[in-house]
Each structure stands twice: as C-alpha cells, then as structure tokens.
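Enquirer: Got a structure for you, written out below as structure tokens; questions coming shortly.
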Amino acid sequence: MQQNNPELEKNLMQYQNLEKQLQSAMLQKNQLQLQVNEIDLAIKELSKTSEEEVFKSIGAIMVKTTKENAQKDLEDRKKMSELRINSLTKQEEQLKSKLDELREVLEASLKPHQGAK
C-alpha cells in the first residue's frame, strides 16, 4: 500500500475544494442568468401595456407603481445581475486556471508512484 504523502493529500484536498467552489460559482451564474431572462421577459411584457400604473411583487404582496418606476426597477435588477454574472465568470476562469495548475502538480506527483505498483 502506498505511503501517505502529506503534500499529496493537501493538494488533493485543495483540488476538491476548488472543484466545489467552481461548481458553486457555475450554479450561481446559471441562476442569475435565469433571473436576467425572466427580467427581460417582464420588460418585454411591460412595454406592451398601455397602462400607466402596474403592480409589482415585493415578497408576498403586490404593490401599485408607475410603469416607469417598474421599468427602472427591472433595468436596475438586470444590471446588477449582469454585473454579478461578469464577476462570477471571472471567478470561474480563475478557478479553472488554478485547477489546471493543481492538476499538473498532482499528475506529476502521482507519476513516480504509478511505477511502484
């Protein structure tokens, strides 16, 4: 049986943690993209109405607001979501880069052990 190598174990744990972080970032990004799609749909529907007053949902209640305010709120939410998506995309790229580097280190450290089997 192979001896425990603390450095190898540390790298494996770090690799697993980075993978979890990447999965989390990708999930958050997908959820935000769904929100942006919903907001786009709401903006489209809002533009079709001739009403000057509309209702918007705030938690469990509906509140009357002007069409203009509703449009501004939706555009602000969309902008914030898109900024967060961009941030998550950068984080995703960094995590992928770190994973690639760590994968190379792990592969290099495992090669000498493969011959010993």
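The values are calculated or read from the model by the stated rules, or taken from the named source; none is laboratory data. From a predicted model like this one, the values you see are computed outputs, not experimental measurements. FYI the Cβ positions are ideal-geometry reconstructions off the backbone, even for glycines, and counts take in every protein chain you see.
Enquirer: How do the pairs read when you match residues in the stretch 103-117 that are of a type in the set (S, T, N, Q) and surrounded by 10 or more Cβ atoms within 10 Å (Cβ to Cβ) with residues anywhere that are at pLDDT below 90 and not in a helix (DSSP H, G or I), using Cβ under 9 Å and keeping only pairs 6 or more apart or on different chains?
Expert: From residues that are of a type in the set (S, T, N, Q) and surrounded by 10 or more Cβ atoms within 10 Å (Cβ to Cβ), the pairs are Ser109/Asn5.
Enquirer: Let me ask you something else. Could you tell me whether the stretch 6-18 includes any residue that is of a type outside the set (Val, Ile, Thr), loosely packed, with under 10 Cβ neighbours inside 10 Å and more than 24 Å from the chain's Cα centre (by Cα)?
Expert: Taking every residue of the stretch 6-18 in turn, at least one turns out to be of a type outside the set (Val, Ile, Thr), loosely packed, with under 10 Cβ neighbours inside 10 Å and more than 24 Å from the chain's Cα centre (by Cα).
Enquirer: Related question: Only one of (1) touching a Lys or Arg at 6+ places or on another chain (Cβ under 7 Å); (2) under 30 Å from Asn5 (Cα atoms); (3) β-branched (Val, Ile, Thr) fails for Val105. Which number is that?
Expert: (1)
Enquirer: Enumerate the pairs (first residue in the stretch 60-79 and in contact (Cβ under 8 Å) with a residue 40 or more places away in the chain; second residue anywhere and part of a helix (DSSP H, G or I)) with beta-carbon separation below 7 Å, excluding pairs fewer than 6 apart on the same chain, so at least 6 apart or on different chains.
Expert: Arg77/Ile39; Lys78/Val36; Lys78/Ile39
Enquirer: Can I ask one more? Anything in the stretch 1-43 that is charged (D, E, K, R), closer than 18 Å to Ile85 by Cα and in contact (Cβ under 8 Å) with a residue 40 or more places away in the chain? List them, or say none.
Expert: Lys29
Enquirer: Shifting gears a bit: If you take the residues of the stretch 1-44 that are in a helix (DSSP H, G or I) and at pLDDT below 95, which of them is farthest from Leu102 (Cα to Cα)?
Expert: Ranking the candidates gives Pro6 first.
Enquirer: Within the stretch 84-95, is even one residue among the acidic types (Asp, Glu), in contact (Cβ under 8 Å) with a residue 60 or more places away in the chain and under 28 Å from Pro6 (Cα atoms)?
Expert: Looking for residues that are among the acidic types (Asp, Glu), in contact (Cβ under 8 Å) with a residue 60 or more places away in the chain and under 28 Å from Pro6 (Cα atoms), one finds at least one in the stretch 84-95, hence yes.
Enquirer: On to the next question. Output yes when any residue across the stretch 52-70 is surrounded by 14 or more Cβ atoms within 10 Å (Cβ to Cβ), at pLDDT below 95 and in a helix (DSSP H, G or I), and no when none is.
Expert: no
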